[in-house]
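Notes follow the structure.
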Amino acid sequence: MTLPEPEAIQKHLQQKGVHSFVKAGIAVIDFGGQYAHLIASRIRRLGAYSEILQPDEVGDNLDSFYKGIIFSGGPSSVYDAKAPATSPKLLKSGVPILGICYGHQLIAMQLGGEVRRGDRREYGPAKLNLLGETGLLKHESNGSTVWMSHGDEVAQLPDGFEIIATTSSCKHTAVYNADRNIYGLQFHPEVSHTGYGETLLRNFISICGLSDSWTIDAFGDFERQRIRSELNNKKVFFLVSGGVDSTVAFALLGSELDSSHLKGMLVDTGFLRDNEARSVQSSLSKIGVDLHVFDARHRFLEALAKVHEPEQKRKIIGELFIDVQQEVSQQMGLDKDEWLLGQGTIYPDTIESGGTKSSNTIKTHHNRVGRIQEMIEQGRVVEPLRDLYKDEVRHLGRLIGLPDDLVDRHPFPGPGLAVRCLCTGADESATSRPFTEIKTQPELAGLLERLGVSAHLLPLRSVGVQGDQRTYAHPLALHWLKSNHGPVSWSELFEISARLPGSFAEVNRVLLKSGDADFDNQGEQIDEQRILLPGRFLTEDRIKNLQVADAIVNEFLHEKKIYSEIWQMPVVLIPIGRSRNIGPKESIESKESIVLRPICSTDAMTASVYEMNDTLLNELTQRILATKRFDAIYYDLTSKPPGTIEWE
């Protein structure tokens, strides 16, 4: 039997009584932004029921069930010919309307205002300057931090609107039309890094008259009811990656299904952390869930032997996962028509893979390759967490009784270290260079000089997300001009990392070099020129190097009791080193470099950088360099946006 799509399930459940006990809700119109479902999630957790609607599902009027409307952000420009939009008549509905980013711009344009490309792109934190207090900005604090991610902006307001807040680079940051009961925000109140974001959304819920009309426990009950309806007594063969998401999803199904209807398998791809397979198997066995580990290390390495393009790596890994799953299913005698495939996919995985009608692909998640999409369309995939965020997954894990050491583990990507090991083609060649373009921004150049750092553009690229769109640009490395540089000024470094990607299109990350294999902490700066090392593919030796560095980092975080302060700390191996003569005819450096990426987040949709104590950072850097395996250690200073959490 083909399973219905989640939207059909939701409508079915509504007909069965969801709307009978939820008297009203807020509609979130999804224009394809990275945060559309995050808005709905926040609204639910703040005490009001919310539902996602697509623009082409909304006519001139909404059902009276909805007491408020939120227009989400999106990757398009409102003046593009194919930009998503709703009927302008919706703006006459009389219910409170909140436009966020793209939604704010769409409202302005539909009512006769002007939207144009901004003088500068703005990604990351900004300070809010209040001009007045309305119901929406009640209890807001002047100078509070808000989170920006936009290239366009409202240049001219429609009639009847007033400005209620600005930032230094955006005049129409928050606007209001009292007659129409419409609010517009250029920033994102739904992300955790907007300081008063929850207060603002609570205010909007209050304006809609829906305070305390929904609870997170009711949301959990609704999700479990949806899961039971979706499964419809089917059997599930579940792929466990070892991360929090797949572990919670597998355990959740284990709590709902008969043990004979659930099989779990962890594929050891060779890209897991050191001893990860045994550790996950042991942890799950303690809660009564049986997990089979299948060794496919050589198959994955062989399939990826000469692959260096990031998207191709992800797709090969996803396809091979399915090959292995089907082969093991046959070996276990599982009828493919009787058993569905289970995955721990969560919402950020789907939205960043272009999972809604208007969204932009940030990356192809390994759970969203071609054959998986076909199986989803056939109703043969079960993803109990597909509409949840990481914080909700952890909450759900606790509700079903999972121990803290499982629920609070740092997230780990399904493809494992394969996406934290950057590769190069056999013929690739490039060299870092001083970033002289900084001189066109005297204020930024002066800030770098005052800090005592120089800027060099590294000769490789990584994935970013700017203005709800994918970018593929260069990291900019900051180097201390003197070894005795004194205490690290994190606030100024973070200011630089926030402003540089918005000022230079070729930059989407900013790094700080925290250590050098040839730097003895005594003299002045050594030669900072780095080269892109050619022909670096996924090999056992490279993965082993990364496992060593990753293990050192995880052990260090636990030893120093800061593991719980950091949401996730990817350790990335990058093919950047230095050229040295090692023979009469050769000039090649075999040592690569490591990037430390400690970040703070709750939902994976936005992230800020963890500010590590100077002494601890130096100690960790020296421990990694002491292995004699690496050329340099970098500390990623980039928030999300503009940089994604992972580098690929």
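The values are calculated or read from the model by the stated rules, or taken from the named source; none is laboratory data. No experiment lies behind these values; they were computed from the predicted model shown. Counting neighbours? That spans all protein chains shown, and the Cβs are built from the backbone with ideal geometry, glycine included. Just so you know, the surface numbers come from the protein's heavy atoms only, side chains and all, with ligands and any DNA or RNA stripped out. Shrake-Rupley method; radii C 1.70, N 1.55, O 1.52, S 1.80 Å.
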Provide a single number: the residues in region 292-302 that are of a type in the set (A, V, I, L, M) and either closer than 18 Å to ILE400 by Cα or exposed (fewer than 12 other Cβ atoms within 10 Å of the Cβ) (or both). 0
Of the residues that make up region 530-540, is at least one open to solvent by less than 10 Å² (accessible area, probe 1.4 Å), out of contact with any Asp or Glu (no Cβ under 9 Å at 6 or more places or on another chain) and assigned to a loop (DSSP other than H, G, I, E, B)? yes
If a residue counts only when it is out of contact with any Phe, Trp or Tyr (no Cβ under 8 Å at 6 or more places or on another chain), which strands (runs of 3 or more DSSP E) contained entirely in region 140-225 have at least 2 such residues? 145-156, 162-167, 170-177
Looking only at region 293-315, decide whether some residue is closer than 20 Å to GLY397 by Cβ, of a type in the set (Lys, Arg) and not in a loop (DSSP other than H, G, I, E, B). no
If you scan region 632-644, which residues turn out to be under 17 Å from ALA477 (Cα atoms), modelled with pLDDT under 95 and not polar (S, T, N, Q)? PRO642, GLY643
Within region 487-502, how many residues turn out to be more than 14 Å from LYS640 (Cα to Cα) and open to solvent by less than 40 Å² (accessible area, probe 1.4 Å)? 5
VAL18 passes all but one of the listed conditions (1) crowded, with 19+ Cβ neighbours inside 10 Å; (2) in a loop (DSSP other than H, G, I, E, B); (3) at pLDDT below 70; the exception is number (2)
Can you pull out every residue in region 554-580 that is under 16 Å from CYS600 (Cβ atoms) and aliphatic (A, V, I, L, M)? LEU557, ILE562, ILE566, MET569
With the condition kept exactly as written, say whether any residue in region 403-415 is of a type in the set (D, E, K, R), open to solvent by 70 Å² or more (accessible area, probe 1.4 Å), touching a residue at least 40 places away in the same chain (Cβ under 8 Å) and over 30 Å from THR345 (Cβ atoms). no
The one condition VAL236 fails out of (1) part of a helix (DSSP H, G or I); (2) of a type in the set (Val, Ile, Thr); (3) over 22 Å from VAL419 (Cβ atoms) is (1)
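One line per residue, one yes/no per condition, for (1) at pLDDT 90 or above; (2) open to solvent by less than 10 Å² (accessible area, probe 1.4 Å); (3) farther than 15 Å from GLY99 by Cα; (4) among the hydrophobic types (A, V, I, L, M, F, W, C):
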| position | (1), (2), (3), (4) |
| --- | --- |
| LEU38 | no, yes, no, yes |
| TYR49 | no, yes, yes, no |
| GLU57 | no, no, yes, no |
| ASP60 | no, no, yes, no |
| TYR66 | yes, no, yes, no |
| ILE69 | yes, yes, no, yes |
| PRO75 | no, no, no, no |
Give me the pairs: first residue in region 282-302 and touching a residue at least 12 places away in the same chain (Cβ under 8 Å) and within 23 Å of LYS544 (Cβ to Cβ), second residue charged (D, E, K, R) and exposed (fewer than 15 other Cβ atoms within 10 Å of the Cβ), beta-carbon distance under 8 Å, and six or more apart or on different chains, which are they? VAL293/ARG278; LEU301/GLU540
What pairs come up if the first residue lies in region 432-454 and is among the hydroxyl-bearing types (Ser, Thr, Tyr), the second is assigned to a strand (DSSP E or B) and open to solvent by less than 30 Å² (accessible area, probe 1.4 Å), and their beta carbons are under 7 Å apart, counting only those six or more places apart or on different chains? SER432/HIS456; SER432/LEU457; SER454/HIS479
Within region 158-194, count every residue that is within 28 Å of the chain's Cα centre (by Cα) and either among the polar types (S, T, N, Q) or open to solvent by 60 Å² or more (accessible area, probe 1.4 Å) (or both). 8
Per the filter on region 247-288, residues in contact with a Ser or Thr (Cβ under 9 Å, 6 or more places away or on another chain) and assigned to a helix (DSSP H, G or I) are THR247, ALA249, VAL280, SER283, LEU284
Can you find, within region 373-394, the residue that is surrounded by the fewest Cβ atoms within 10 Å (Cβ to Cβ) among those that are part of a helix (DSSP H, G or I) and at pLDDT 85 or above? ARG394
For region 581-630 the number of residues that are at pLDDT 85 or above, open to solvent by less than 10 Å² (accessible area, probe 1.4 Å) and polar (S, T, N, Q) is 2
Tally up the residues in region 79-100 that are closer than 18 Å to ASN203 by Cβ and either over 25 Å from the mean Cα position of the chain (by Cα) or of a type in the set (A, V, I, L, M, F, W, C) (or both), please. 5
So, LYS89, is that one basic (Lys, Arg), touching a residue at least 12 places away in the same chain (Cβ under 8 Å) and open to solvent by 20 Å² or more (accessible area, probe 1.4 Å) or not? yes
Subset of region 303-317 [of a type in the set (Lys, Arg) and surrounded by 13 or more Cβ atoms within 10 Å (Cβ to Cβ)]: LYS313, ARG314, LYS315
Take GLY124 and tell me if it is in contact (Cβ under 8 Å) with a residue 60 or more places away in the chain and on the phi > 0 side of the Ramachandran plot. yes
Is one or more of the residues making up region 505-519 open to solvent by less than 60 Å² (accessible area, probe 1.4 Å), in contact with a Ser or Thr (Cβ under 9 Å, 6 or more places away or on another chain) and in a helix (DSSP H, G or I)? no
Tell me which of these THR424 doesn't satisfy, since it passes every other one: (1) open to solvent by less than 20 Å² (accessible area, probe 1.4 Å); (2) closer than 27 Å to THR247 by Cβ. (2)
Considering region 252-273 alone, what residues qualify as being of a type outside the set (A, V, I, L, M) and out of contact with any Pro (no Cβ under 9 Å at 6 or more places or on another chain)? GLY254, SER255, ASP258, SER259, SER260, HIS261, LYS263, GLY264, ASP268, GLY270, ARG273
If I go through region 292-333 residue by residue, how many of them are among the small types (Gly, Ala, Ser) and within 16 Å of ARG542 (Cβ to Cβ)? 2
